[in-house]
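The values are calculated or read from the model by the stated rules, or taken from the named source; none is laboratory data. All of these numbers come straight from a predicted model, not from anything done at the bench. Please note: Cβ atoms are built from the backbone with ideal geometry, for glycine as well, and neighbour counts cover all protein chains shown. For the accessible areas, the whole protein counts, side chains as well, though only heavy atoms, and no ligand, DNA or RNA atoms are used. Shrake-Rupley method; radii C 1.70, N 1.55, O 1.52, S 1.80 Å.
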Amino acid sequence: MISRSYTNLLDLASGNFPTMGRDRDRRRMPRVMTLPGSICEMDDDQAHSVSSENPSSLAGDRMIVVANLLPLKAKRRPDNKGWSFNWNEDSLLLRLRDGLPEDMEVIYVGSLCVDIDPIEQDDVSSYLLEKFRCVPAFLPPNIVEKYYEGFCKRHLWPLFHYMLPFSPDHGGRFDRSMWEAYVSANKLFSQKVVEVLNPEDDFVWIHDYHLMVLPTFLRRRFNRLRMGFFLHSPFPSSEIYRTLPVREEILKALLCADIVGFHTFDYARHFLSCCSRMLGLEYQSKRGYIGLEYYGRTVGIKIMPVGIHMGHIENMKRLAAKESKLKELKQQFEGKTVLLGFDDLDIFKGINLKLLAMEHMLGQHPKWQGQAVLVQIANPTRGKGVDLKEIQAEILESCKRINKQFGQPGYEPVVYIDRPISSSERMAYYSIAECVVVTAVRDGMNLTPYEYIACRQGMSGSEADSDVDGPKKSMLVVSEFIGCSPSLSGAIRINPWNVEATAEAMNEAISMAEPEKQLRHEKHYRYVSTHDVGYWARSFLQDMERTCIDHFRKRCYGIGLGFGFRVVALDPNFRKLSIDDIESAYIKSKSRAIFLDYDGTMMPQNSIIKSPSAEVISILNRICADQNNAVFIVSGRGRDSLDKWFSPCRKLGLAAEHGYFLRWSQHQEWETCSQNSDFGWMHLAEPVMQSYTDSTDGSSIEKKESAIVWQYRDADPGFGFSQAKEMLDHLESVLANEPVAVKSGQFIVEVKPQGVSKGLVAEKIFTSLVERGKLADFVLCIGDDRSDEDMFEIIGDALSRNILSYDTKVFACTVGQKPSKAKYYLDDTSEVRFMLESLAEATITPCTSDEEAEASA
């Protein structure tokens, strides 16, 4: 049975046009709306959403796996008429199917490793989709060179392996045309995904750095698409990554995915640090899961090293046992201790460092001369460049020097193989190796140690132990800079740059007692056999499902242009405040309570001039003039500032320092909302804060009448956050017996009296109105930050506590589209002023001439 989502490609290939028409007739209404925008100058797609209000009840979920290369091998037919294709059994993408549910169909989208003539592309596409469930992306020649050899291999790959372009010979300067080709290629991949995508039922899993901006293209069209991304290379530290001119564009594109996966915590930590330093995002860890809050969406961070396919290794071992190569190698190295290196020939694999370590070991431990052999297999180069030629020449020179110095008749200490070898031949080398040595100076994962461990276990069934005689054992010397290193606790970890230490580690590995070798092997095999590629894929899919649970509960909006595009996910009841609705409720009400935050609500946060404008004073005076209105500015600022700024507003109430001080109008006295008036604790808190200020550049202390605040907005984000966390613990310890609360906020740590919050101000005002016989039937509360959430929460609870009636019209409103306890939002301070202006115009009682004169003054 063919999935209905193939209509764009397979139906066209088969000529099944009636099916297409039927699908179009029963197309569902869009579940969300998005705003049109462009990714770059060459993007002319119209952003739209295709989905439904509820999750699909169909059981046939599918996985669309997207990567630069399809897991296929291709070759021209002998008669030169057409192509023959078969699965690439070594491909990780092919093997991940084992971890997915049996009834889950897998479709692959990617490019081919061969060039297909444009005349043949349609036929090849139809054939691959029908026979292999693969969708090829054919990239134009003018794009593929700049995309792959250009941006991927000259910019991203060196940078992600900690190589900066200090000169044209090392990485090359940033080329904008290569970035544009990279974006264009990602867009072409997205078009191929869309051709077979059913956004209601499908999962999309994108792989590696070649397609890092693909999530943006797909998210623009399908806001609730379940989409994950996994990076198979290292992710560099923020100091390295921030040198990339398009750093923010790539980060924002990745955050369009629902889950972003990495091999190790180090790589994930670097990514989170970049998001913090460049985008101002902080992550949270809840019940073992790490998530980034991004415009109401939680982007999951998955840390899971990929594994090998045990069944494939088993098959290759059986094949190696049947071939003569294993027997030939046993004869060739009989009586010798074989150390094995199996690496791609690139500048980061540290092959020459391994050779230097072998040279040092033979010199320092003469007993291994004539006995120890290093077999170094180098896969052919994948890229281009003068660096690779230099490294190859350096390797050959080292091999020649070592063999000349330590070689004997019938003995070569280094056997260098620089040709492609088959999987079965690789298994044969694993079988005769006493130790595998990996000296990569930087590598994403490197599965060679895993394959070696599995191979040394021998075969199961009747053929068991035909390839590995005696007890099972394996030894590993691995670089601490590769992704698999943390999971191999029994390996000898080395810094490959330290040639002497690497040499000693190699000596230790082959000199170790047999029982210890067996114990280390058993420990490694338990891990490798249980954490295979199927386990990795299954775990990633489970986390993707968990992360996407909220997709159909929240309302999603696409906003922004280019790579600034993002999806804002909001509660279904969270909507924009209607001026008509609030004005109508305002006019009908008889007793009104209005609470207004100041910074970020009445006044933009980034405004240099903090005092209110004449327009704001005029609006407030007109609203306050109605005797049915109780209007309060509720701010964290001190009472002196508020008193000075709002002196023209005689009837305006003020709540200063988050409600510690309260004044109902200008002719009344300030009152305190806390029973505690002893501030002796400040003498304990201030020295602690001062010590952290002295050691944290960019931080400062703000001392108020009732509170003391340490802020680090201008400090290094990572160091400031670490210092704030440490200070919080320090202050809680020092002030444990004091009647204060120590709280952390956005770039601040604050110490204030217990029981002081904006929410308690609202509660006190509601209670006072009840006591005066003026139960509020209209409540407006507007704020923009965390402290205002206390007011929103109190207002919600006030209905059940009888300080507000059930028919009270409540308008709790936050500034900006973001998760909040408020049910309404306005986009910015200008909209807040416009809304208040509307209420002022609807106010029945006009301002007095004196007040108007003061307002204009």
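If I ask for residues that are outside any helix (DSSP H, G or I) and over 26 Å from Pro234 (Cα atoms), which ones from the range 485-518 would you list?
Our first condition is that a residue be outside any helix (DSSP H, G or I); within the range 485-518, this holds for 488-498, 512-513.
Scanning the range 485-518 gives Met512, Ala513.
Only one of Phe174, Phe189, Phe222 is open to solvent by 30 Å² or more (accessible area, probe 1.4 Å) and of a type in the set (Phe, Trp, Tyr). Can you tell me which? If you could, list the steps in order and put the result at the bottom.
Working: Phe189 fails: open to solvent by 30 Å² or more (accessible area, probe 1.4 Å); Phe222 fails: open to solvent by 30 Å² or more (accessible area, probe 1.4 Å).
Testing whether each residue is open to solvent by 30 Å² or more (accessible area, probe 1.4 Å) and of a type in the set (Phe, Trp, Tyr) leaves just Phe174.
Is it the case that some residue within the range 350-358 is modelled with pLDDT of 90 or more, in a loop (DSSP other than H, G, I, E, B) and closer than 30 Å to Arg154 by Cα? Talk me through it step by step, then tell me what you get.
Start the filter on the range 350-358 by keeping residues that are modelled with pLDDT of 90 or more, which leaves 350-358.
Subsequent filtering for residues that are in a loop (DSSP other than H, G, I, E, B) retains 350.
If we keep only those that are closer than 30 Å to Arg154 by Cα too, we end up with 350.
Yes, some residue in the range 350-358 is modelled with pLDDT of 90 or more, in a loop (DSSP other than H, G, I, E, B) and closer than 30 Å to Arg154 by Cα.
Go through the residues of the range 97-104 one by one and say whether even a single one is crowded, with 17+ Cβ neighbours inside 10 Å and among the basic types (Lys, Arg). Give the steps one after another, and end with the answer.
As a first pass, look at the range 97-104 and keep what is crowded, with 17+ Cβ neighbours inside 10 Å: 97-100.
Within this subset, residues satisfying the condition of being among the basic types (Lys, Arg) are 97.
Yes, the range 97-104 contains at least one residue that is crowded, with 17+ Cβ neighbours inside 10 Å and among the basic types (Lys, Arg).
Being touching a Phe, Trp or Tyr at 6+ places or on another chain (Cβ under 9 Å), open to solvent by 10 Å² or more (accessible area, probe 1.4 Å) and among the aliphatic types (A, V, I, L, M) is true for just one of Ile250, Ile240, Ile259. Which residue is that?
Numbers: Ile250 fails: open to solvent by 10 Å² or more (accessible area, probe 1.4 Å); Ile259 fails: open to solvent by 10 Å² or more (accessible area, probe 1.4 Å).
It is Ile240.
Based on what the data block shows, is Arg538 among the basic types (Lys, Arg), out of contact with any helix residue (DSSP H, G or I) (no Cβ under 6 Å at 6 or more places or on another chain) and outside any strand (DSSP E or B)?
So Arg538 fails the test.
Table: residues versus (1) free of Cβ contacts under 8 Å to residues at least 40 places away in the same chain; (2) farther than 19 Å from Ala454 by Cβ; (3) among the polar types (S, T, N, Q).
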{"residue": "Cys484", "(1), (2), (3)": "no, no, no"}
{"residue": "Glu504", "(1), (2), (3)": "no, yes, no"}
{"residue": "Met512", "(1), (2), (3)": "yes, yes, no"}
{"residue": "Val528", "(1), (2), (3)": "no, no, no"}
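Restricted to the range 788-830, and to residues that are touching a residue at least 40 places away in the same chain (Cβ under 8 Å) and in a helix (DSSP H, G or I), which residue is farthest from Val634 (Cα to Cα)?
So the residue we want is Thr829.
Considering only residues of the range 630-646 that are outside any helix (DSSP H, G or I) and open to solvent by 20 Å² or more (accessible area, probe 1.4 Å), which is nearest to Trp670 (Cα to Cα)? Show your work before the answer.
Within the range 630-646, the subset outside any helix (DSSP H, G or I) is 630-638, 646.
If we keep only those that are open to solvent by 20 Å² or more (accessible area, probe 1.4 Å) as well, we get 637-638.
Values: Arg637: 15, Gly638: 12 Å.
If we take residues in the range 630-646 being outside any helix (DSSP H, G or I) and open to solvent by 20 Å² or more (accessible area, probe 1.4 Å), then Gly638 is nearest to Trp670 (Cα to Cα).
Can you confirm whether the range 718-741 contains a residue that is closer than 15 Å to Glu657 by Cβ and not in a loop (DSSP other than H, G, I, E, B)? Spell out the reasoning first.
Restricting attention to the range 718-741, the residues satisfying the condition of being closer than 15 Å to Glu657 by Cβ are 740-741.
After this cut, where a residue has to be not in a loop (DSSP other than H, G, I, E, B) as well, the list is 740-741.
The answer is yes; a qualifying residue exists.
With the range 72-165 as the region, which helices (runs of 4 or more DSSP H) entirely inside it contain at least 1 residues that are within 30 Å of Arg247 (Cβ to Cβ)? Full working, then the answer.
Values: elements: 92-95, 121-132, 141-144, 157-160.
By residue number, 92-95, 141-144, 157-160.
Please determine, by comparing only the residues of the range 394-447 that are closer than 30 Å to Leu164 by Cα and polar (S, T, N, Q), which one is surrounded by the most Cβ atoms within 10 Å (Cβ to Cβ).
Thr439
List the number of the failed condition for Ile206; all other conditions in (1) more than 12 Å from Ile64 (Cα to Cα); (2) of a type in the set (Val, Ile, Thr); (3) in contact with a Gly (Cβ under 9 Å, 6 or more places away or on another chain) hold.
The one condition Ile206 does not meet is (1).
Please enumerate the residues belonging to the range 647-706 that are in contact with a helix residue (DSSP H, G or I) (Cβ under 9 Å, 6 or more places away or on another chain), closer than 19 Å to His730 by Cβ, of a type in the set (S, T, N, Q) and open to solvent by less than 50 Å² (accessible area, probe 1.4 Å).
Thr696, Ser699, Ser700
Considering only residues of the range 766-814 that are in contact with a Gly (Cβ under 7 Å, 6 or more places away or on another chain) and within 24 Å of Glu583 (Cα to Cα), which is surrounded by the fewest Cβ atoms within 10 Å (Cβ to Cβ)? Can you show your working first?
Here is the first cut: in the range 766-814, the residues in contact with a Gly (Cβ under 7 Å, 6 or more places away or on another chain) are 784-787, 790-791, 793-794, 814.
Of the ones still in play, those that are also within 24 Å of Glu583 (Cα to Cα) are 784, 791, 793-794, 814.
Details: Asp784: 24, Met791: 27, Glu793: 17, Ile794: 25, Thr814: 26.
So, considering only residues that are in contact with a Gly (Cβ under 7 Å, 6 or more places away or on another chain) and within 24 Å of Glu583 (Cα to Cα), the one surrounded by the fewest Cβ atoms within 10 Å (Cβ to Cβ) is Glu793.
From the residues in the range 421-466 that are of a type in the set (Asp, Glu) and in contact with a strand residue (DSSP E or B) (Cβ under 6 Å, 6 or more places away or on another chain), which one is modelled with the highest pLDDT?
At the first step, the residues of the range 421-466 found to be of a type in the set (Asp, Glu) are 425, 434, 443, 451, 463, 465.
Subsequent filtering for residues that are in contact with a strand residue (DSSP E or B) (Cβ under 6 Å, 6 or more places away or on another chain) retains 434, 443.
On the way: Glu434: 95, Asp443: 91.
Per the stated criteria, the residue is Glu434.
Given the residues Ala440, Ala393, which is the only one that is in contact with a Ser or Thr (Cβ under 9 Å, 6 or more places away or on another chain) and either under 29 Å from Thr264 (Cβ atoms) or free of Cβ contacts under 8 Å to residues at least 24 places away in the same chain (or both)? Please lay out each step first, then the result.
Details: Ala393 fails: in contact with a Ser or Thr (Cβ under 9 Å, 6 or more places away or on another chain).
Testing whether each residue is in contact with a Ser or Thr (Cβ under 9 Å, 6 or more places away or on another chain) and either under 29 Å from Thr264 (Cβ atoms) or free of Cβ contacts under 8 Å to residues at least 24 places away in the same chain (or both) leaves just Ala440.
Test Arg493 against the criterion of being among the charged types (D, E, K, R), modelled with pLDDT of 95 or more and either crowded, with 21+ Cβ neighbours inside 10 Å or in contact with a helix residue (DSSP H, G or I) (Cβ under 9 Å, 6 or more places away or on another chain) (or both), and give yes or no. Step through it out loud before you land on a result.
Details: among the charged types (D, E, K, R): yes; modelled with pLDDT of 95 or more: yes; either crowded, with 21+ Cβ neighbours inside 10 Å or in contact with a helix residue (DSSP H, G or I) (Cβ under 9 Å, 6 or more places away or on another chain) (or both): yes.
Answer is yes for this residue.
The conditions are (1) surrounded by fewer than 22 Cβ atoms within 10 Å (Cβ to Cβ); (2) assigned to a loop (DSSP other than H, G, I, E, B), and Thr601 fails exactly one of them. Which is it?
(1)
Condition test on Leu244, is it in a loop (DSSP other than H, G, I, E, B), out of contact with any Pro (no Cβ under 8 Å at 6 or more places or on another chain), within 30 Å of Ile351 (Cα to Cα) and modelled with pLDDT of 90 or more? Before you say what the answer is, go through the steps one by one.
Working: in a loop (DSSP other than H, G, I, E, B): yes; out of contact with any Pro (no Cβ under 8 Å at 6 or more places or on another chain): yes; within 30 Å of Ile351 (Cα to Cα): yes; modelled with pLDDT of 90 or more: yes.
Here the answer is yes, as Leu244 does meet what is asked.
Counting only residues that are under 32 Å from the mean Cα position of the chain (by Cα) and in contact (Cβ under 8 Å) with a residue 40 or more places away in the chain, how many does the range 74-100 have?
Residues of the range 74-100 under 32 Å from the mean Cα position of the chain (by Cα): 87-100.
After this cut, where a residue has to be in contact (Cβ under 8 Å) with a residue 40 or more places away in the chain as well, the list is 87, 89-90, 92-93, 95-100.
Summing the residues that are under 32 Å from the mean Cα position of the chain (by Cα) and in contact (Cβ under 8 Å) with a residue 40 or more places away in the chain in the range 74-100 gives 11.
Report yes if Leu541 is more than 19 Å from the chain's Cα centre (by Cα) and surrounded by 20 or more Cβ atoms within 10 Å (Cβ to Cβ), otherwise no. Show your work before the answer.
Working: more than 19 Å from the chain's Cα centre (by Cα): no; surrounded by 20 or more Cβ atoms within 10 Å (Cβ to Cβ): yes.
Here the answer is no, as Leu541 does not meet what is asked.
So which residues in the range 740-749 are under 16 Å from Thr696 (Cβ atoms) and buried (at least 22 other Cβ atoms within 10 Å of the Cβ)?
Just the residues of the range 740-749 that are under 16 Å from Thr696 (Cβ atoms), to begin with: 744, 747-749.
The answer is Val749, and nothing else.
Answer yes or no: is there a residue in the range 479-487 that is farther than 30 Å from Asp258 by Cα and of a type in the set (Val, Ile, Thr).
Taking every residue of the range 479-487 in turn, none turns out to be farther than 30 Å from Asp258 by Cα and of a type in the set (Val, Ile, Thr).
Rundown of residues vs (1) open to solvent by less than 20 Å² (accessible area, probe 1.4 Å); (2) acidic (Asp, Glu); (3) modelled with pLDDT of 90 or more; (4) closer than 30 Å to Lys651 by Cα, yes/no style:
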residue: Cys484; (1), (2), (3), (4): yes, no, yes, no
residue: Glu516; (1), (2), (3), (4): no, yes, yes, no
residue: Ser529; (1), (2), (3), (4): no, no, yes, no
residue: Ile549; (1), (2), (3), (4): no, no, no, no
residue: Lys576; (1), (2), (3), (4): no, no, no, yes
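Mind checking which pairs have a first residue in the range 587-603 that is free of Cβ contacts under 8 Å to residues at least 60 places away in the same chain and a second that is crowded, with 19+ Cβ neighbours inside 10 Å and in a loop (DSSP other than H, G, I, E, B), Cβ under 6 Å, 6 or more apart or different chains?
If the second residue must be crowded, with 19+ Cβ neighbours inside 10 Å and in a loop (DSSP other than H, G, I, E, B), the pairs left are Tyr598/Ser635.
Among the residues in the range 341-364, are any over 21 Å from Ser479 (Cβ atoms) and open to solvent by 10 Å² or more (accessible area, probe 1.4 Å)? Break it down into steps so the answer makes sense when it comes.
First, pick out the residues of the range 341-364 that are over 21 Å from Ser479 (Cβ atoms): 363.
Going one step further and asking which of them are open to solvent by 10 Å² or more (accessible area, probe 1.4 Å), we end up with 363.
Within the range 341-364, one or more residues are over 21 Å from Ser479 (Cβ atoms) and open to solvent by 10 Å² or more (accessible area, probe 1.4 Å).
Scanning the range 682-717 for residues that are of a type in the set (A, V, I, L, M) and assigned to a helix (DSSP H, G or I), which turns out nearest to Trp670 (Cα to Cα)? If you could, list the steps in order and put the result at the bottom.
Filtering the range 682-717 for residues of a type in the set (A, V, I, L, M) gives 682, 684-685, 688-689, 701, 707-709, 715.
From the residues that got through so far, the ones that are assigned to a helix (DSSP H, G or I) too are 682, 684-685, 688-689.
Details: Met682: 22, Leu684: 27, Ala685: 26, Val688: 31, Met689: 29 Å.
This residue is Met682.
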